[in-house]
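The values are calculated or read from the model by the stated rules, or taken from the named source; none is laboratory data. Treat the numbers as computed from the prediction; the structure is a model and nothing was measured. Counting neighbours? That spans all protein chains shown, and the Cβs are built from the backbone with ideal geometry, glycine included. The area values use the complete protein model at the heavy-atom level, side chains included, leaving out ligands, DNA and RNA. Shrake-Rupley method; radii C 1.70, N 1.55, O 1.52, S 1.80 Å.
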Amino acid sequence: MSGVTHTLVIVLLVALFTFFTRLFPFVVFGRKGEPSHMVRRLGDLLPLSVIAILVIYCLKNTTFDALSGFAPQFIAIAVVAALHIWRRNNLLSILGGTACYMVLVQYVFV
Amino acid sequence: MKELNFAFKRTIPILLGYITLGIAFGILLQQAGFGWPWALLISTIVYAGSMQFVMVTFLGGGISLLSVILMTLSVNSRHMFYGISFIERFKTLGKARPYMIFSLTDETYSLFCGTTFPSGLNEKKTMVLMSAMNQCYWIIGSVTGNLIGNIIPFDTTGIDFAMTALFVVIFTEQWLAADSHIPTYIGLFSGVICLIIFGPGSFVLPSLILAVALLSGWTVKTEKADEKEPREKEANEECQE
C-alpha cells in the first residue's frame, strides 16, 4: 500500500469503528428495550476505569532515569487537576496545563 | 430563527473548547506531515476529539490495522454507553437520526443531558442544530490549526499535552462526581500493571480486558452486598481506604 492509501485506510477504519461504538447501544438496546441492570451499571462505571487507563496511555513514554523524563508531565497534570478543582472550567484547565507543560519542556527541563 | 439563536447560545462553551482543541489537533497533524485536507477529512468523518489525537500517532505508520481497530474500539468504548440515555429521545428524529448518532461526542452528549428546552421551541430542530454547530466548530478549529501550524511565531513543542490535559480534566470531573473511586483505582491498577508487563506498544487492550473483568467482579460483589444492605456500607468503607 502506498503512503496515502495506507493513511486513508487508517482514517476510514477509525471513522467506521468510531461510528460503530456510537451506534452500538441504539442497535443492541433499541430493539430489546431496556438494557439489563447489570449492563447499565457496567455502563455507568466503565468510563471511570477507561479514562484512568487513557491517562496512563498518555504517560506511557514516561521514564524515570532523569528528572526531565517525568517531572514536566507530572507537574502539568497536577496543575490541570488543581485548576479544574478550583474553577471547574474545562478550557481553563486544558489551556493552563498545556501552557505550563510547554514552558516546562522548552525552558525548565531542557 | 429562535432555534438557531438558542442553539448558538447553548453551544458557546463548546465553541471555545472545540476551536481551541481543534487548533491543537490541526497543529499536531501538521507536525506529523499532513496538510489541511486531512484535517478536514478526519474532523468530518471521524469527529471524535480524543480518538483523533490518538490516531495522529497511528498515521506515522508501524501500527497494524487490527491494532487500529482495537484501539478505536477501546478509546471510544465509553460511547457504547452514551446512547443508552438517548434511545427513546432519538426515535422521533427521522432522517436526522443517523447523523445525530454519528455526532454524539462527549461534549454534545453532556450538552443534551444538561439542556432543558423551552416549550416554544422545536426540540428536534434545536438538537440537530446544536449537533451540527458543534461539528462545525471542530472542523473550523482543526483546519485553522493545520493552516497556521507552520506560521505560528512560537515553539509549539509540548502542545500535544492538550490530549493528556483533556483526559485529566475528564478524570478529575469523574473523580469529583463518583460515589465510589474503586472503578478509577481498577483502571489505574490495570493500566500500570499491563504497561509494566506488555510495554508501551501494546498494553491498552490487555488493560481494558483486565479492567472489565475486575469491574464486573466488583459490580457483582456490591450488587450482592446491596441485597444485604447493612454490610454494603461497611465493605465500601473498607475499599475506599
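Restrict the check to region B:148-159 and report whether at least one residue is under 22 Å from B:Asp106 (Cα atoms), out of contact with any Asp or Glu (no Cβ under 6 Å at 6 or more places or on another chain) and either open to solvent by 20 Å² or more (accessible area, probe 1.4 Å) or facing chain A (nearest Cβ under 7 Å) (or both). Please lay out each step first, then the result.
The first filter runs over region B:148-159 and keeps only residues under 22 Å from B:Asp106 (Cα atoms), leaving B:159.
Applying the additional criterion that residues be out of contact with any Asp or Glu (no Cβ under 6 Å at 6 or more places or on another chain) yields B:159.
Still in the running and either open to solvent by 20 Å² or more (accessible area, probe 1.4 Å) or facing chain A (nearest Cβ under 7 Å) (or both): B:159.
Yes, that holds for at least one residue.
Report whether or not B:Val143 is within 13 Å of chain A (Cβ to nearest Cβ) and at pLDDT 90 or above. Can you show your working first?
Values: within 13 Å of chain A (Cβ to nearest Cβ): no; at pLDDT 90 or above: yes.
Spelling it out, it is not the case that B:Val143 is within 13 Å of chain A (Cβ to nearest Cβ) and at pLDDT 90 or above.
In region A:4-29, what residues are surrounded by fewer than 18 Cβ atoms within 10 Å (Cβ to Cβ) and either facing chain B (nearest Cβ under 8 Å) or under 27 Å from B:Cys194 (Cα atoms) (or both)?
Pass one, region A:4-29, residues surrounded by fewer than 18 Cβ atoms within 10 Å (Cβ to Cβ): A:4-6, A:8-9, A:12, A:16, A:20, A:27-28.
Within region A:4-29, A:His6, A:Val9, A:Leu12, A:Phe20 meet the criteria.
Every residue, every condition in (1) assigned by TED's automatic domain parsing to the domain that holds B:Phe34; (2) at pLDDT below 90, yes or no:
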site: B:Met127; (1), (2): yes, no
site: B:Ile139; (1), (2): yes, no
site: B:Leu147; (1), (2): yes, no
site: B:Ile152; (1), (2): yes, yes
site: B:Phe198; (1), (2): no, no
site: B:Phe203; (1), (2): no, yes
site: B:Ser207; (1), (2): no, yes
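Limited to region B:177-187, what total is found for residues that are part of a helix (DSSP H, G or I) and more than 7 Å from chain A (Cβ to nearest Cβ)? It would help to see each step written out before you state the result.
In the first step, residues of region B:177-187 are kept if they are part of a helix (DSSP H, G or I); the result is B:177, B:182-187.
This time we only want the ones that are more than 7 Å from chain A (Cβ to nearest Cβ), so: B:177, B:182, B:185.
Going through region B:177-187 one residue at a time, the tally reaches 3.
Taking only pairs six or more apart or across chains, which ones have beta-carbon atoms under 6 Å, a first residue in region B:47-65 that is farther than 19 Å from A:Ile51 by Cβ, and a second residue that is open to solvent by 10 Å² or more (accessible area, probe 1.4 Å) and part of a loop (DSSP other than H, G, I, E, B)?
B:Val56/B:Ala32; B:Leu59/B:Ala32
All but one of (1) within 11 Å of another protein chain (Cβ to nearest Cβ); (2) surrounded by 21 or more Cβ atoms within 10 Å (Cβ to Cβ); (3) closer than 27 Å to B:Leu28 by Cα hold for B:Ser190; which doesn't?
(3)
When you go through (1) part of a helix (DSSP H, G or I); (2) closer than 15 Å to A:Tyr57 by Cα; (3) at the interface with chain A (Cβ under 9 Å from one of its Cβ atoms) one by one for B:Trp218, which number turns out not to apply?
(2) is the only condition that B:Trp218 fails.
Within region B:209-241, restricting attention to residues that are open to solvent by less than 70 Å² (accessible area, probe 1.4 Å) and of a type in the set (Asp, Glu), which residue is modelled with the lowest pLDDT?
B:Glu232
Among B:Ile101, B:Ile45, which is at the interface with chain A (Cβ under 7 Å from one of its Cβ atoms), within 18 Å of A:Leu23 (Cβ to Cβ) and surrounded by fewer than 16 Cβ atoms within 10 Å (Cβ to Cβ)? Can you show your working first?
Numbers: B:Ile101 fails: surrounded by fewer than 16 Cβ atoms within 10 Å (Cβ to Cβ).
Exactly one residue qualifies, and that residue is B:Ile45.
How many of the residues making up region A:47-73 are over 12 Å from the mean Cα position of the chain (by Cα), more than 7 Å from chain B (Cβ to nearest Cβ) and part of a loop (DSSP other than H, G, I, E, B)?
6
Test of understanding: among B:Ile69, B:Ile27, B:Ile12, which residue is open to solvent by 30 Å² or more (accessible area, probe 1.4 Å) and more than 8 Å from chain A (Cβ to nearest Cβ)?
Working: B:Ile69 fails: more than 8 Å from chain A (Cβ to nearest Cβ); B:Ile27 fails: open to solvent by 30 Å² or more (accessible area, probe 1.4 Å).
Just a single option satisfies the conditions, and that option is B:Ile12.
Quick test for you: out of B:Ser85, B:Ser43, B:Ser67, pick the one residue that is among the small types (Gly, Ala, Ser) and touching a Phe, Trp or Tyr at 6+ places or on another chain (Cβ under 7 Å). It would help to see each step written out before you state the result.
Numbers: B:Ser85 fails: touching a Phe, Trp or Tyr at 6+ places or on another chain (Cβ under 7 Å); B:Ser67 fails: touching a Phe, Trp or Tyr at 6+ places or on another chain (Cβ under 7 Å).
Only one candidate qualifies: B:Ser43.
Among B:Thr164, B:Thr108, which is more than 21 Å from A:Ile10 (Cβ to Cβ), open to solvent by less than 20 Å² (accessible area, probe 1.4 Å) and touching a residue at least 40 places away in the same chain (Cβ under 8 Å)?
Working: B:Thr164 fails: touching a residue at least 40 places away in the same chain (Cβ under 8 Å).
Answer to the check: B:Thr108.
Can you tell me which condition B:Pro37 does not meet? The list is (1) more than 9 Å from chain A (Cβ to nearest Cβ); (2) at pLDDT below 80, and all the others hold.
B:Pro37 satisfies all of (1) more than 9 Å from chain A (Cβ to nearest Cβ); (2) at pLDDT below 80 except (2).
Is there a residue being crowded, with 16+ Cβ neighbours inside 10 Å, under 16 Å from the mean Cα position of the chain (by Cα) and under 26 Å from A:Leu23 (Cα atoms) anywhere in region B:31-41?
Scanning region B:31-41 turns up no residue that is crowded, with 16+ Cβ neighbours inside 10 Å, under 16 Å from the mean Cα position of the chain (by Cα) and under 26 Å from A:Leu23 (Cα atoms).
Identify all residues within region B:44-100 that are among the aromatic types (Phe, Trp, Tyr) and under 23 Å from B:Phe117 (Cβ atoms); write none if there are none. Steps first, answer last, please.
Residues of region B:44-100 among the aromatic types (Phe, Trp, Tyr): B:47, B:53, B:58, B:81-82, B:86, B:90, B:99.
Residues satisfying the conditions are B:Tyr82, B:Phe86, B:Phe90, B:Tyr99.
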